[in-house]
1. Between residue 63 and residue 40, what FRET efficiency comes out of the Förster formula 1/(1 + (r/R0)^6) with R0 = 25 Å and r the beta carbon distance, rounded to 0.05?
2. Given the DSSP H assignment, sum -39500 (n - 2.57) over each helix run of at least 4 residues in the chain and divide by its residue total; what's the result at 222 nm in deg cm²/dmol, nearest 500?
3. Over the alpha-carbon set of the range 1-147, work out the extent along each principal axis and list the three values in angstrom, largest first.
4. Filter the GluC sites (Glu not before Pro) in the range 37-141 down to the DSSP loop ones having no more than 12 other Cβ atoms within 10 Å, then list what survives.
5. Mean separation of Cα pairs under 8 Å and 6+ residues apart, divided by the residue count of the chain: what relative contact order is that in percent?
6. Under 8 Å for C-alpha pairs, at least 6 residues apart: give me the relative contact order for the range 71-154, rounded to a whole percent.
7. With each label point set 7 Å from Cα along the Cα-Cβ vector, what nm distance links residue 280 and residue 182?
8. Counting other Cβ atoms within 10 Å of each Cβ, which GluC sites (Glu not before Pro) in the range 221-303 have at most 10 and sit in a DSSP loop?
Amino acid sequence: MKNYLSLSEEVKQAKAEGKAIVALESTIISHGMPYPQNVEMARDVEQIIRDNGAVPATIALIDGKIKIGLSDEELELFGKSTNVAKVSRRDIGYLVATKQLGATTVAATMICAELAEIGIFVTGGIGGVHRGAETTMDISADLEELAKTNVAVICAGAKSILDLGLTMEYLETKGVPVIGYQTDVLPAFYTRSSDVELTLRADSPDVIAASLKAKWDLQIKGGAVITNPIPEEFAMDEKVINDVIQTALKEAEENHIHGKDVTPFLLGKVKELTDGKSLEANIELVKHNALVGTQIAVAYQNI
């Protein structure tokens, strides 16, 4: 198994020194944002992690290897290339075997992080149950991965293009803890709140780190979702964003867009309809998640 993993020198050194490491996905770079904002965001996020006492490990598939930690040139490659495959659990074996460029989703990043023994992962938002899933069965593989892979995901909740209530029901059925960081309600990515209440809340990184350690020490399999609301000054108006999402969903349906193409289409359409404000919000919430995620990783490493 280790033959497939390629750790960057920075990650190798962090492991040797017992430093906290924070995993990052690459789909947000190649499929989530336009160039050059995607690469700037990736560099800024990595620097936030370093500045707060941990080491970043952006994960991607390159030339038949699972790369744990990317170089500056590799970040640029993923930001600019148009032929990057979007990788979930089902794709990893094939894309490694065929040596294709692959950008890892939340599910794939969790798998690769666990292989590299990294337990903390920072992203923007998790996937979930899509609206209308009762007829389409369109449910993100992220949720299933959270039920079985021992990696905690720090995010700004589930993307507000999803059915948030059904997403939480699914996670509850699968026994995945969803912990609100300084919040009692599920944040909805672009907005700080939703009408979905959370049962677990933690007001410090130490409590989250201790909760994760206890869960995994007790061999309770699976990950955890740590929801961290977007900072107030970058949050979008709830009514505005909901109206925009309804318009985008209608257009996706009219254009027969399904499956893994739905999220990139909707995010692009939301960006267009908000005159780019949603992209700024997306960048800022990822940076804030990186800060909180690093604090949790450091606290976990110190236990």
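The values are calculated or read from the model by the stated rules, or taken from the named source; none is laboratory data. Only a predicted model underlies this, so the values are computations on that prediction, with no experimental measurement involved. Every residue, glycine among them, receives a Cβ derived from its backbone with ideal geometry; neighbour counts consider all protein chains shown. For the accessible areas, the whole protein counts, side chains as well, though only heavy atoms, and no ligand, DNA or RNA atoms are used. Shrake-Rupley method; radii C 1.70, N 1.55, O 1.52, S 1.80 Å.
1. 0.50
2. Taken over the chain, the calculation gives -14500 deg cm²/dmol.
3. 50, 34, 32
4. Those satisfying the criteria are 117.
5. Once divided by the residue count of the chain, the mean separation gives 19 percent.
6. Normalised by residue count, the contact order of the range 71-154 is 27 percent.
7. 2.2
8. The qualifying sites: there are none.
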